[in-house]
Amino acid sequence: MKCLVVDLSRCNGCYNCQLACKDEHCDNDWSPIAAPQPETGQFWCKMNETERGRVPVVRVDYRPEFCGQCDDCKLLSQAPECVYRDEMTGAIIIDSEKAKGRSDLVDACPSHLVYWNDELGLPQKCTGCAHLMQDGWTQPRCVEACATGALRYGDEDEFADEIASAVHLFDQGEDSHVFYLNVPKRFVAGTVANRAENEVIIGAKVEFINEQGETVNCTETDEFGDFRWDEADEASYQVVVTAEGFDPVTLVADCRGKDVVFDDLLIDQQ
Amino acid sequence: MRIKDDTAVHNLGLESFGGGANIVAADAKDGKLVRIHPVHFDQDYTKDELNYWKLTGKNGTVFEPGMKSLTPPFPMVYKRRTYSKNRIPFPMKRVDWDPEGERNPQNRGISKYERISWDEACRIIAGEIKRIHDEYGPYSILCQADGHGESKAINTPHGCMTRLLSEVGGFTIQARNPDSWEGWYWGAKHAWGMDPVGQNTHSTGTAQDIAQNSDAVLFWGCDLETTTWGWGGQLASRMAYWWHDCGIKHIAISPDANYTNVVHADKWFPVLPNTDAALQLAIAYVWINEKTYDEEYIKTHSDGFEWFVYYVMGNEDGVAKTPEWAEPICGIPAYKIKALARYWARHAVSIAHCNGGSYIRAAFAHEPARLEVYLLAMQGVGKPGRISIKFIEWVLFGMSSCSPLPTSKVIPNTAACYNGPLIGQGMESFVPKTKIHKALRGESFDWYGRGTSANPREDQFEHFEFPAPGNKPVKMLWSDNPAFMTSLNGGNEFQDALRSENLEFYLMEAPWFEDDARFADIVLPICTKFEVSDFGTDNDSGQWSAVTYEKAIIPPVGEAKSDWEAVQAIGAALEQYGGIYEGCVQRMTKGKTVEQQVRDGYDNCGIAEEERDWETFKKRGYQLIPTHEGWEDDVVGLTPFADDPDHNPLETPTGKIEFYSVPLANNFPDDGIRGPVAHWIEKGDGHDDRLSSDRAKQYPFLIVSNHPRWRVHAEFDDVEWLREIETCKVIGPDGYAYEPLWINPVDADKLGIHSGDVVKVFNERGAVLGGARVTERICEHAVYMDHGANADVIVPGVGGLDRGGAINLICPTATTSKNADGEVTSGYLVGVEKVDVFELAKRYPEQFNRNKFYDASYGQDVRDYLVEEE
């Protein structure tokens, strides 16, 4: 069984995967594996982006989303007469010549990765580029187009070590063959400065305390007076900043809904 | 299943001028493009054959080029660009332009077009050329033949017409300005030489030097995840990841959280647009005050430092350039400026650039560019891990010393088959690009410097005037680049100039009906890449230099001809006039076929004869050139200068880094804006664009216009697959796809603006509409709008209104400064307000309703501008 390993720490958000997929499937007819995809609106490979943080700590999370070619694919059970699993790649394929009018298949995929082509009256989805693989290609277009190595494709056995630490995203189940590495967690960031001297404070101790009262991380402000913790959960923390000669300051970092970037913490000497 | 019939390798770089980048394999089937994808070098070469390189950074972290081309997004969508709905289908004539009668120049940009045949078009054009020759002389034909465009050599998108006109008496050419390098070109060159564009040309081995020796790199206005895409590829992105893996701190300095910052940065200093000079001066102040600069290096490697100290410490104007002074100007708290200065003094720090943006193309950009050189000098530039590096143009103008990565043993070129003028050539009669407005209006004017990006520093002191004595004004504009109004300075003023009575004939050759083309009198349809055969190169990938045998794999779209064929057709029509015109086509082409020219290009590209193999080259479609032998022992960057400046001088008069430029002092003694020592300049020379200015009461935002994320200047604005990406367009309540305007939530809140609102961005020069994107990716008091959106003119000219969001329509026409003809297309003041687009539509019903074929998915459609489709 083939799998796709997505290393999010190497995704630069260039959208090559999404664009290459469109290049392969828009304006091209690979029936019965895939009829032409409409010029817009379908994303068999779909890049998602989320802006995080606020000035001056802002990141964008790029997360490409792919069909999991799931073991327990609902399409396969719901429409065995027009859906099949490609032997070579394991990709789930909707036969474009047999699936006319089968709008029910659009709702069959819990990940919403089956699209309705109104013009052709067809449900459509990722084919794992089966038509290319049958022609001797070794990678689907999305993977071939990836310039940073964020996307890798191959037999699941080859990736066993990495898969052990990988997760599934987008509510895909354990039977998905798309694995994500290095999924970012919430971050908390701030800058500490001495108000009277108008200088950043270097080496201030910063403790993160969870709702159970446990210290889950302890760090120090760096040469810019900055602290940052990238491993927060979607939870609320107390952040205690202690600098020599200053009264400790306690802040609340509520990471449940979003990352937290504090206003610069200007503190006064005792 | 048949997945293709044929494959061709082309470069899809967009630098033009005979250069090239971004090689790809394109497959065709049944006469149509089916896919464009990376080239897999390992199918044709072993690593040994390529003398494969590997670099090693801290902790033994390895960086290597890989064995496939690292294609950026633009080539991926070239199929849609090729088959764009906005391709010019056939020759067209503006309906109310009559060369025998009324020319109606005032209606350029307003009136529609009718279809004409190639024969009729060529007959009219030839007649106009003859008439202008007779009435005014050959120098009254201005060729606008530069800017970015498809990288083709034989069928070059820029300048084929100069080959014809040079056979029939000559021409005037628009001098290609050093755009994207403005500050470095007009400023940094006076501090450290580095001809021709003023950026570090001593870059050999510096990528590895940084990986091994730097603690941090300042990405100063640097967006390698955007600017590299048109002409470089994605090795730059991989290099940024490599440095991260080496533990090197990535510090971004720019008003916007650009596309590099939000992926790679460890820290961001949000500096207000075009206030970098204040930040730099404050850093210098801290170093001087705390004696934390490299005093010994300054003594031995620089000249005139005391002048700079005198200014920084406030002896000249009574104002010490302290961090507290800089804070309200640049928007960064003094405590952070001090921390940055001290970090920089304590660590090995380099600077990275990727051209463009507010840092280098705002008013007085020569000042931050020079100040950067000063700061580098104060920390011993050229010592390990202390250098300035670029992520783009790695062998600029064929100079392998510009590349921070190991280069191929030959940097190939297309000169032998290039049918345009190389930058800086054919300059017998010329006008600076940034002053073309005056030329079109028929004015006489003067200036300093040829000012192309290929001229040496001394060129900036030469005086010129136009028209030259005895010559007449410009009367005809022959353009093959319709992107001036969206990409250069003073767009609305340019529209007015195009509509002046002085301009009798405006001819445009272009593949797409965009922007300036809609003001032309005759428009000729031109082929794109895969419709023509050509010879190309790829020198900027950072992997290996390549040459390409670019065969045509699809037929021309519509009635398109290549630029080379179009010009020949015009030449053929001219021959009927006899005299100098007789035989002009033969003289121009020398009777060579395209195939013969490809062969000429290959045989003379620089690859040694024993390493050329024509048949294999044709069969594979490309040839890679191995890394030069001994690259491991290359001298690193500016190390020789750092080690022994007397024997390894720079290109400055003293051979050292010049804090005080004697040539500037001598040549421009009265220039208070670009003086001999870089200063903070509040206003002057036509610019009054500070938040502290009175103008800021009406126009309270400084605008950032970068190289666009989803375009190359004006190109690609019609690609459906790009336009549906979240950051590409904002769909307004009227269903129109507006160009995004980024605004910080604090500012948006004050103005009652929400994401998705249609907003007006304006100043005295006019207004453009945009779609609001309320975002933390831009700091307060600044807004961001990429340049290059295709104009959709509601009211033309100064004070006008544009729906397309072509922001350069309202940028200044005034140049960098009086004696520096750079464009100022970022960092100027604008106002922003929410508009009711339905009210606007009522006020301008004709303009808002003319787009019958407009589709938000791809934008404007040439059919809306044709009379017969009404």
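The values are calculated or read from the model by the stated rules, or taken from the named source; none is laboratory data. Note that this is a predicted model, so its numbers are computed, not measured. So basically every Cβ, Gly included, is an ideal-geometry build from the backbone, and we count neighbours across all protein chains shown.
Listed values, structure above:
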read-out: Criterion (surrounded by 23 or more Cβ atoms within 10 Å (Cβ to Cβ), assigned by TED's automatic domain parsing to the domain that holds B:Trp478 and aliphatic (A, V, I, L, M)) met by exactly one of B:Ile580, B:Ile522; value: B:Ile522
read-out: Close pairs (6 angstrom Cβ cut-off, 6 or more residues apart or separate chains): of a type outside the set (A, V, I, L, M) in region A:77-89, in a loop (DSSP other than H, G, I, E, B) anywhere; value: A:Cys82/A:Asp95; A:Cys82/A:Lys98; A:Cys82/A:Ala99; A:Thr89/A:Gly128
read-out: Segments classed as strands (runs of 3 or more DSSP E), wholly inside region B:443-510, with at least 3 members that are closer than 28 Å to B:Ser562 by Cα; value: B:476-479, B:505-510
read-out: Conditions (1) within 12 Å of chain A (Cβ to nearest Cβ); (2) in contact (Cβ under 8 Å) with a residue 40 or more places away in the chain; (3) touching a Lys or Arg at 6+ places or on another chain (Cβ under 9 Å): number failed by B:Pro72; value: (3)
read-out: Number of positions in region B:314-335 that are in a helix (DSSP H, G or I), more than 7 Å from chain A (Cβ to nearest Cβ) and over 22 Å from B:Ala696 (Cβ atoms); value: 1
read-out: Output for region B:720-738, where each listed residue is farther than 17 Å from B:Asn851 by Cα, in contact with a Gly (Cβ under 9 Å, 6 or more places away or on another chain) and more than 9 Å from chain A (Cβ to nearest Cβ); value: B:Lys729, B:Val730
read-out: B:Gly591 vs. criteria out of contact with any Pro (no Cβ under 7 Å at 6 or more places or on another chain), without any contact (Cβ under 8 Å) to a residue 60 or more places away in the chain and at positive phi; value: yes
read-out: Odd one out for B:Glu651 among (1) over 19 Å from B:Tyr374 (Cβ atoms); (2) under 28 Å from the mean Cα position of the chain (by Cα); value: (1)
read-out: Helices (runs of 4 or more DSSP H) contained in region B:147-266 and holding at least 3 residues closer than 25 Å to B:Ser358 by Cα and either touching a Cys at 6+ places or on another chain (Cβ under 7 Å) or away from every other protein chain (no Cβ under 14 Å) (or both); value: B:189-192
read-out: So A:Ser96, is it of a type outside the set (Val, Ile, Thr), more than 27 Å from the chain's Cα centre (by Cα), surrounded by 18 or more Cβ atoms within 10 Å (Cβ to Cβ) and outside the structural domain of A:Asp226 (by TED's automatic domain parsing); value: yes
read-out: Count of region A:220-242 residues which are within 24 Å of B:Lys338 (Cα to Cα) and either more than 14 Å from chain B (Cβ to nearest Cβ) or in contact with a Leu (Cβ under 6 Å, 6 or more places away or on another chain) (or both); value: 3
read-out: Residue, nearest to B:Ile248 (Cα to Cα), within region B:376-400, restricted to residues that are among the polar types (S, T, N, Q) and at pLDDT 95 or above; value: B:Ser388
read-out: Any hit, region A:198-211, residues being aromatic (Phe, Trp, Tyr), closer than 30 Å to B:Ala334 by Cβ, away from chain B (no Cβ under 14 Å) and assigned to a strand (DSSP E or B); value: yes
read-out: Test: residue in region B:386-397 that is surrounded by 22 or more Cβ atoms within 10 Å (Cβ to Cβ), within 14 Å of chain A (Cβ to nearest Cβ) and either part of a loop (DSSP other than H, G, I, E, B) or touching a strand residue (DSSP E or B) at 6+ places or on another chain (Cβ under 9 Å) (or both); value: yes
read-out: Residue that is nearest to the other protein chains (Cβ to nearest Cβ) [pool: residues in region B:748-774 that are surrounded by fewer than 23 Cβ atoms within 10 Å (Cβ to Cβ) and β-branched (Val, Ile, Thr)]; value: B:Val774
read-out: Close pairs from region B:258-279: first free of Cβ contacts under 8 Å to residues at least 24 places away in the same chain, partner assigned to a loop (DSSP other than H, G, I, E, B) and buried (at least 24 other Cβ atoms within 10 Å of the Cβ), Cβ under 7 Å, at least 6 apart; value: B:Trp268/B:Ala257
read-out: Conditions (1) assigned to a helix (DSSP H, G or I); (2) in contact (Cβ under 8 Å) with a residue 60 or more places away in the chain; (3) more than 14 Å from chain A (Cβ to nearest Cβ): number failed by B:Glu120; value: (2)
read-out: In region A:99-122, residue surrounded by the fewest Cβ atoms within 10 Å (Cβ to Cβ) [restricted to those that are in contact with a strand residue (DSSP E or B) (Cβ under 6 Å, 6 or more places away or on another chain) and within 12 Å of A:Trp44 (Cβ to Cβ)]; value: A:Asn117
read-out: Subset tally (residues that are touching a strand residue (DSSP E or B) at 6+ places or on another chain (Cβ under 8 Å), under 30 Å from B:Ala236 (Cβ atoms) and of a type in the set (Asp, Glu)) for region B:540-597; value: 1
read-out: Residue match in region B:279-286 (condition: under 27 Å from the mean Cα position of the chain (by Cα), more than 9 Å from every other protein chain (Cβ to nearest Cβ) and in a helix (DSSP H, G or I)); value: yes
read-out: Selection from region B:231-248 of residues that are among the aliphatic types (A, V, I, L, M) and in contact with a strand residue (DSSP E or B) (Cβ under 8 Å, 6 or more places away or on another chain); value: B:Met239, B:Ala240, B:Ile248
read-out: Residue in region B:826-848 that is within 18 Å of the chain's Cα centre (by Cα), assigned by TED's automatic domain parsing to the domain that holds B:Asp757, part of a loop (DSSP other than H, G, I, E, B) and not hydrophobic (A, V, I, L, M, F, W, C) present; value: yes
read-out: Failed item, numbered, when B:Ile88 is tested on (1) closer than 13 Å to B:Ala520 by Cβ; (2) over 32 Å from the mean Cα position of the chain (by Cα); value: (2)
read-out: Test result for B:Arg690, in the same structural domain as B:Pro845 (by TED's automatic domain parsing) and modelled with pLDDT of 95 or more; value: no
read-out: Strands (runs of 3 or more DSSP E) wholly inside region A:1-70 that include at least 2 residues being at the interface with another protein chain (Cβ under 7 Å from one of its Cβ atoms); value: A:45-54, A:57-66
read-out: Unmet criterion (only one of (1) more than 14 Å from chain B (Cβ to nearest Cβ); (2) at pLDDT 95 or above) for A:Gly190; value: (1)
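Let's see how each residue does on (1) among the hydrophobic types (A, V, I, L, M, F, W, C); (2) more than 27 Å from B:Cys779 (Cα to Cα); (3) in the same structural domain as A:Pro56 (by TED's automatic domain parsing); (4) touching a strand residue (DSSP E or B) at 6+ places or on another chain (Cβ under 6 Å):
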{"position": "A:Val167", "(1), (2), (3), (4)": "yes, yes, yes, yes"}
{"position": "A:Lys205", "(1), (2), (3), (4)": "no, yes, no, yes"}
{"position": "A:Thr242", "(1), (2), (3), (4)": "no, yes, no, yes"}
{"position": "A:Cys255", "(1), (2), (3), (4)": "yes, no, no, yes"}
